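To keep things clear, I will list the structure first and then write my remarks on it.
Just so it is clear, none of the values below were taken in a lab; they were calculated from the coordinates. What you are looking at is a predicted structure, and each value in this text was computed from that prediction instead of being measured. Reconstructed Cβ throughout: ideal geometry from the backbone, glycine too, with neighbour counts over all protein chains shown.
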Amino acid sequence: MTNESPEKQADSVVAAARRAQAAWAERPIRERADALRPLKRRILSAAEHVGSLLAEECSKPFEEAVLAEVLPSADLVDYWTVSIEELLAAETLELDPISFPSKRAVVYREPRGVVALVSPWNYPVAIPLRTLVPALLAGNAVVLKPSEVTPRAGELVASFFEGLVPEGLVGLLQGGAEEGDALVRADVDAVVFTGSVATGRKVAAVCAERLVPCALELGGKDAAIVLADAPLERTARGLVWGAFTNAGQNCASIERVYVVRSIADALKKRVVELTKALRVGKDVGKLTTLRQAEIVRAQLDAAATSGAKLLTGSVPEEGAQQIDPAVVEVTDEATPLLADETFGPVLPIVVVDDEEEAVRRANASRFGLTASIWTKRTAHGHALARRLRAGVVTVNNHAFTAAIPAAPWSGVGESGYGVTSSPHALGELVRPRLVLEDKNALASELWWYPYTGTLRSLALAMARLRGGAGIFGRVAALLSLLTLLPRRLFEKGPEK
Ligand code: NAD
């Protein structure tokens with residue numbers, strides 16, 4: 001423990017990261033990729049340890065820890081180390097040799113510098129790694145501020161990089177809101193934040209003040225739309241997993257089901273059967289924090305008061321951290337259970353008349369992270385997916401694409417505007433730098449001083465030639481260009 005203020009701690013970790021970053025960025029991309037390749041083995045061989053650590057620190061079922069945090073993290077090391085060289089390759093622009101003669105322009109993808117990475121507690125290994133790996137490969141340093149709820153997972157993530165990258169390149173700042181705030185105010189060049197909407201707004205405000213780019217991955221209220229021809233057994237199983245995995249503490253949990261009336265009874269029956277078969281404490285762990293359990297309890301309580309029907313589960317006692325998975329039939333759209341993020345083991349079901357009503361209701365949310373459509377007509381589901389206000393839409397599945405490193409993960413509305421995974425995520429981690437060489441032997445460019453009558457006529461002729469006039473006007477413009485151009489090129493000093 002240290003007695004230094006959060007500001008001082010943040011400043012010194014960021015300064016060490018900055019010192020390490022300069023030399024790291026100069027290493028060829030391939031060398032950086034070689035340095036990070038052993039990370040895959042380290043992550044995989046820590047599988048048992050991660051499983052037990054997350055069971056202790058966040059009450060996560062061991063199987064879920066290995067399947068959702070270890071395996072996808074190892075896969076992303078492969079994906080990024082193999083593809084980074086091509087993704088960051090310099091690009092030579094094609095320039096029109098008439099408008100821009102003797103010029104060559106190259107775009108480089110430069111690291112931003114020091115990236116502040118502020119993470120939540122729900123996937124405390126996978127979430128930081130999905131940014132750390134591409135950020136480092138792109139030549140950045142990263143300072144990780146894990147959640148105060150999962151400091152040991154944060155320490156483990158940072159330790160994975162020890163000896164692979166220069167000291168200080170991966171900085172670790174432990175603590176809560178004060179430390180997170182100090183980090184985004186420190187001398188960092190970009191912020192990648194994953195967490196709640198309320199904190200995301202604060203982080204964005206600080207970044208706006210400092211003019212530092214900031215990526216926000218925030219909450220969700222994912223809808224699942226079940227059409228009349230949905231494959232019943234697969235849909236019921238998919239919904240139950242999508243709602244209760246990680247005890248519902250997943251930004252992409254299914255938190256609203258819109259089911260078409262003709263299949264609703266059969267679906268509810270099967271979902272309830274499957275939910276009752278879940279082993280509480282084993283398949284569905286207790287909530288990671290009492291504070292989260294309290295939010296879930298309050299939402300269930302309010303829904304029950306406003307007429308929602310508990311098909312299975314119950315409103316938990318105050319102070320209970322283990323919550324029985326609940327399936328609730330809801331009609332009141334305004335109840336917090338349907339309007340706000342729940343982040344707990346609750347599956348609300350709303351019966352609708354048809355798919356149009358389902359789409360309308362699914363889209364009527366402040367959030368827009370992921371969504372799913374369940375139907376045997378996959379092409380129809382695909383077309384419907386294009387109408388949903390969400391960053392990821394899956395047909396006959398839900399949310400697992402977070403495990404695919406090539407698949408962009410992003411949201412709309414209050415789900416934030418960050419993108420993780422896939423080449424699209426690089427926009428947050430690199431900036432373009434254009435370098436242009438000019439081998440023009442002429443003493444002057446067309447558009448440099450002096451501004452003369454010839455230049456004025458030339459500019460107007462170019463506008464006509466590029467489409468500002470009809471065919472005859474363009475021919476006339478071409479002819480006048482042919483006389484104006486040489487005159488302009490040899491024009492000397494300003495006109496009197
Ligand atoms: P949170 O907002 O409470 O905390 C997130 C992080 O921010 C923590 O490290 C916390 O210490 C830090 N923090 C708190 N105040 C801060 C401040 N003023 N400045 C800077 N940092 C600050 O969120 P949480 O409860 O840890 O995580 C749950 C939330 O994360 C849910 O809303 C969930 O949907 C969201 N989430 C989103 C995604 C996604 O990909 N979109 C993934 C996982 C979780």
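Below, the figures for the structure above:
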item: Charge dipole (debye, nearest 20) of the range 318-474; +1 at Cβ of Lys and Arg, -1 at Cβ of Asp and Glu; result: 1480
item: Cα convex hull volume per residue for the chain (Å³); result: 200
item: Cysteines (scope the chain) whose Cβ has no counterpart Cys Cβ under 4.7 Å; result: Cys58, Cys251
item: Mean separation of Cα contacts under 8 Å (6+ apart) over length of the range 222-402, as relative contact order %; result: 31
item: Sequence-separation-based contact order of the chain, relative, with Cα cut under 8 Å and 6+ spacing, percent; result: 16
item: The range 175-186 - phi-based ³J(HN,Hα) in whole Hz, Karplus 6.51/-1.76/1.60, Gly and Pro as x; result: x, x, 4, 5, 5, x, 5, 4, 5, 6, 8, 6
item: Karplus 3J(HN,Hα) series, Hz, for the range 149-164 with 6.51 cos²θ - 1.76 cosθ + 1.60 (x for Gly, Pro); result: 7, 10, x, 5, 5, x, 5, 4, 4, 5, 5, 4, 8, 4, x, 8
item: Nearest-20 debye value, the range 222-402 charge dipole, Cβ charges on Lys, Arg, Asp, Glu; result: 560
item: Protection-proxy order for peptides 264-274, 224-234, each taking the mean of Cβ atoms within 10 Å per residue, highest first; result: 224-234, 264-274
item: Length-normalised contact order of the range 443-489 in % [C-alpha pairs under 8 Å, at least 6 apart]; result: 42
item: Among Val359, Trp447, Ala277 - extreme Cα towards positive end, dipole of the chain, charges at beta-carbon; result: Trp447
item: Theoretical ellipticity at 222 nm over the chain - DSSP helices of four or more residues, -39500 (n - 2.57) apiece, nearest 500; result: -13000 deg cm²/dmol
item: At R0 = 25 Å, FRET efficiency that the Cβ-Cβ distance of Ser159 and Asp78 yields, to 0.05; result: 0.75
item: The range 443-489: radius of gyration and largest Cα-Cα distance (Dmax), Å; result: 10.8, 35
item: Cα gyration tensor of the range 193-252 - equivalent ellipsoid semi-axes, whole Å, descending; result: 36, 12, 7
item: Where a label projected 7 Å from the Cα of Thr331 along Cα→Cβ would reach, residues of the range 352-369 with amide N under 16 Å; result: 352-353
item: From phi via Karplus (6.51, -1.76, 1.60), per-residue ³J(HN,Hα) for the range 305-316 in Hz, x at Gly/Pro; result: 5, 8, x, 5, 10, 7, 7, 7, x, 8, 6, x
item: For the range 222-402, diffusion coefficient by Stokes-Einstein and Kirkwood Rh (Cα), 25 °C, 0.890 mPa s, µm²/s; result: 154
item: For the range 325-444: Kirkwood Rh in Å [reciprocal of mean 1/r, alpha carbons]; result: 17.3
item: Check: the chain dipole with +1 on Lys, Arg Cβ and -1 on Asp, Glu Cβ, in debye; result: 1840
item: Dipole of the chain, positive end: most advanced residue of Ala138, Val13, Leu67 [Cβ charges, Cα centre]; result: Ala138
item: Cleavage-rule hits (GluC sites (Glu not before Pro)) in the range 312-394: DSSP loop, at most 16 neighbouring Cβ within 10 angstrom; result: Glu317, Glu318, Glu333
item: Per-residue Cβ neighbour rank within 10 angstrom, fewest leading, Ile98, Ile84; result: Ile98, Ile84
